[in-house]
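Notes follow once the structure below has been shown.
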Amino acid sequence: MNLPWHKNAWSKLQNMIDQDCFPHALLITGVEKIGKFELMQQLVGVLLKDDIIIRKDNVRNNLDYPVLIRRSNYPNMVYCRAGEMVEKNKNRSNNIRIDQVRVFCDALNKTADELQIGVIFYGDQMNIGAANGLLKTLEEPRKNTLIIILAHHVENLPITIVSRCQNIHITPTYDQQTCQWLIEHIGKTQKKDYNIKQLLESTHGVPFKVLSDLSDGNFTHYQNYQNQLLNIVANPLMIVQIKDFEGNELVILNCLQNIIIEGIRLKTVHQEDAITELYQVIVTVKFEFLFKLLDDIYHAIKLLKTTVNISLLMDNILIVWSHIVHLKKYPQITNKHVKIIF
């Protein structure tokens, strides 16, 4: 699968192959649903000169029985992933555990004439013990062995792991080639209902997220929340008419966070032809206020699991958002009523 937004990342990998200077450990990074797994499959298919055998590996689905690692259809390839069942009828682990990594490393320490490949996804979900257990194999790799680590958040990986890998990063995209790819992969009915460019912008340049949000209806809800949030910043009195916010605080905060991040991007590049309503609001707001509100939203999200009065905190954030165009001084958002200065 040649994905258009993988062009730069694939070019770097192809250069390594052409120059015969491939590393023993590769770290593929990028936000969730940007296609790290697909890029790995493309790479392995080229290295093995057999794309079909890797496409048959169905290792992202959960199993109904416990395992430590999984085998590929290619005999010398293994996968280590988070979310495996610890014991039969027990909860799944959200982390990659040290016992998994030990078996993973043992599998790669066997002598093999052909290329051995080990894939870890996602590396930033390794617990400390697992990460430490991987170090020796990274430091003393066996000949003819390639370890590929996929990670959503490279900052959550120990520097000792990162420094021993060649990093390939997949960046979000907004280009025309990607928009065309989405047009080809979205159903005909949905094409009529949505602006493809705006769909891509709403997910911050992550095409697979566009497809998943459309398929499970999340985009419809997101669009509704986005419209309500844009309405109250354009008409502050409409804050009393907002619907469906109670009980959906995390979704709303994430939506507002995304709106502000997208607004900062539009304001930075002066992209007036994007989301018109958002640009018209953002263009007059100070960068300082936008970044401060982002910090407050991030803090509020962290407080969701505490006993804080989230309703009052949400009200204060929405009040600041609704008046952000007219603020003379940014208020301190607390769990008490905020005082707005115009």
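The values are calculated or read from the model by the stated rules, or taken from the named source; none is laboratory data. Since we're looking at a predicted model, the values are computed, not measured. We place every Cβ from the backbone using ideal geometry, glycine too, and count neighbours over all the protein chains shown. To get the accessible areas, we keep the full protein, side chains included, count just its heavy atoms, and leave off ligands, DNA and RNA. Shrake-Rupley method; radii C 1.70, N 1.55, O 1.52, S 1.80 Å.
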Report the calculated FRET efficiency for Q176 and E38 (r = Cβ-Cβ distance, R0 = 22 Å), to the nearest 0.05. 0.60
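Could I get the Rg over Rh figure for region 94-205? Both from C-alpha atoms, Rh via Kirkwood, rounded to two places. Could the numbers behind the result be given before it?
Working: Rg = 19.3 Å, Rh = 16.8 Å.
When Rh is taken as the Kirkwood radius, the ratio is 1.15.
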Under 18 Å by backbone N from the virtual spin label 7 Å along Cα-to-Cβ at N73, the residues of region 18-48 are 37-48
In nm, give the distance between the simple-model label positions of I128 and Q19, each being 7 Å from the Cα along the Cα-to-Cβ direction. 3.8
Over all viewing directions the Cα convex hull of region 4-169 casts an average projected area in nm² of 9.3
Give me the extension gain from V240 to N95: residue separation times 0.36 nm, minus the current Cα-Cα distance, reported in nm with one decimal. 48.0 nm
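Which whole-number value in Å³ per residue fits the convex hull of the alpha carbons of the chain?
Numbers: hull volume 58.5 nm³, N = 342.
Per-residue hull volume (Cα only) is 171 Å³.
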C-alpha long axis of helix 98-108 to longest principal axis of the chain, angle in °: 40
Note to self: with every protein chain in place and a 1.4 Å probe, the chain gives an accessible area per residue in Å² of 53
What distance in nm separates the simple spin-label points at T268 and N62, each placed 7 Å from Cα in the Cβ direction? 3.7
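Figure the gain on full extension for I183 and K88 (residue separation times 0.36 nm, minus the Cα-Cα span) and round it to one decimal in nm.
Numbers: separation 95, 0.36 × 95 = 34.20 nm, distance 4.27 nm.
Between I183 and K88, full extension yields 29.9 nm more.
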Let's test the formula: R0 of 22 Å, r as the Cβ-Cβ distance of K7 and E155. What FRET efficiency results, to the nearest 0.05? 0.30
Looking at region 282-322, which trypsin sites (Lys or Arg not before Pro) are DSSP coil and have at most 10 other C-beta atoms within 10 Å of their C-beta? K305
Extension gain (nm, one decimal) between V46 and K197, 0.36 nm per residue minus Cα-Cα: 51.2 nm
R0 = 35 Å: FRET efficiency of H204 with K136, Cβ-based, nearest 0.05? 0.40
Portion, in percent, of the accessible area of the chain that falls on carbon or sulfur, probe 1.4 Å: 50
Simple spin-label estimate for D315/S212, 7 Å along Cα→Cβ, in nm, reads 3.5
